[in-house]
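Structure, as structure tokens:
Read-outs: derived from the displayed coordinates by stated rules, not from any lab. Keep in mind it's a predicted model, so treat the numbers as computed, not measured. Neighbour counts run over all protein chains shown; Cβ positions are idealised from the backbone, glycine included.
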Amino acid sequence: MSDAPEVAALRARRSCLAVPGSNPRFLEKAQGIDADQVFLDIEDSVAPIAKADARKNIVDVLNTGDWGTKIRVVRVNDWTTQWTYKDVIEVVEGAGANLDAVMLPKVQTADQVTALDTLLTQIEATMGYPLGRIGIEAQIENAMGLVNVDAIAAASPRVETIIFGPADFMASINMKSLVVGEQPPGYDVGDAYHYILMRILMAARAYDKQAIDGPYLQVRDTNGFQRVAGRSAALGFDGKWVLHPDQVAAANEVFSPLQSDYDHAENILDAYQHYTSEQGGAMGAVMLGDEMIDEASRKMALVVAAKGRAAGMERTQRWQPPEQP
Ligand code: GLV
Ligand code: MG
């Protein structure tokens, strides 16, 4: 019953795997890793003298690799560098048919998004690609970007995600710590990232984008990753970057609903559809077991159901309408 199209199709981005474009071995290996998304990097994980080769490697591996159902993204250099235009032109002309989105780092203003949008449109027109298909992922990595995040989210229909970049952000605001993802020593009255995460989440939700948390650099500390990922997942974020295969399974689990919550959400949708119908008595607020559900419950259930379906979850338990006397 609730498999109705009103739960918008959502592409899962629970785990977003960073892969340096200058490393052919990693580009090969990434194809077999169970991440929802890969992003092939030409920015900070690639040395300046290796950027030209990275572009070529990326075009090649997008066109010839087997990426399965993964969302394929390339991170270009930001607009304050000399490299952005060549990154975009070479990669999108060379492999645009096999690319889902371009990630733009260190976005500071809406204009930087519209500049990329315009360039993409020109390349799509020149190459005969469908216009507007390639998305934009905007990384918020400094104070200016955060101040402008609403306008950045609204700048183009191509924008699909707003991403927190903690390492660059910590540098941008002079945070007194070098440990990315963990709390700065000395701040013992709450979560130092709460404001930033919520600001990004509000912009994403206001403009119907996905909110993605950035990297956790202590790659051998899976418990630490789980703890930090659990916080942004609890707030409502859709996924997180992963830097190592060990972080992938943890991200996929943390950003999926619990099985019991998924079953419950689907049951709420079924029960609510039944009770609000003519046949179910046209009621607006009803009891489901010991719980009263109404239109707001349906909206909450839609969110969990959409995330579960995008993650490929199956129902293990189904609500049945009461038998008619
Ligand atoms: C990612 O790009 C970061 O700066 O954390
Ligand atoms: Mg960064």
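At R0 = 51 Å, how high is the FRET efficiency between residue 278 and residue 206 if r is their beta carbon distance? Nearest 0.05 is fine. Intermediate results must be reported in sequence, preceding the final value.
Working: r = 36 Å, r/R0 = 0.70.
In this case the efficiency is close to 0.90.
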Worksheet item: Are there GluC sites (Glu not before Pro) in segment 3-89 that DSSP puts in a loop and that have at most 15 other Cβ atoms within 10 Å, and which ones?
Response: 6
Discussion item. Going by Cα centres, segment 72-106 and segment 193-224 are how many Å apart?
Written reply: 22 Å
Discussion item. For the chain, take the longest principal axis of its alpha carbons; what is the angle in degrees between that and the long axis of helix 259-276, to the nearest 10 within 0 to 90?
Written reply: 50 degrees
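Taking segment 239-283, which GluC sites (Glu not before Pro) meet the DSSP loop condition and have no more than 14 other C-beta atoms within 10 Å?
278
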Discussion item. Quick check on my link table: of 70/176; 29/106; 29/176; 86/240; 51/307; 106/299, which ones sit more than 31 Å apart, alpha carbon to alpha carbon?
Written reply: 70/176; 29/176; 51/307; 106/299
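On a full-extension model of 0.36 nm per residue, what is the gain between residue 119 and residue 323, subtracting their alpha-carbon distance, rounded to one decimal in nm?
Working: separation 204, 0.36 × 204 = 73.44 nm, distance 6.00 nm.
Result: 67.4 nm gained on full extension.
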Fill in: Calculated from backbone phi, Karplus (6.51, -1.76, 1.60) coupling profile of segment 287-304 in Hz, x at Gly/Pro
8, 10, x, 8, 10, 8, 10, 9, 4, 5, 4, 4, 5, 5, 5, 4, 5, 5
Fill in: About the Cα centre, charge dipole magnitude for the chain (Lys/Arg +1, Asp/Glu -1 at Cβ), debye
660 debye
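Could you sort 124-132, 214-222 so that the peptide with the highest average Cβ count within 10 Å comes first and the rest follow in order?
Numbers: 124-132: 12.2, 214-222: 17.9.
Highest mean packing first, the order is 214-222, 124-132.
Relative contact order, percent, of the chain when contacts are C-alpha pairs under 8 Å separated by at least 6 residues? Walk me through the numbers on the way to the answer.
On the way: 561 pairs, mean separation 50.7, N = 325.
For the chain, the relative contact order is 16 percent.
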Discussion item. Taking θ = phi - 60°, what integer Hz values does the Karplus form 6.51 cos²θ - 1.76 cosθ + 1.60 yield along segment 122-133, in sequence order, with x for Gly and Pro?
Written reply: 5, 5, 4, 5, 4, 8, x, 7, x, 6, x, 6
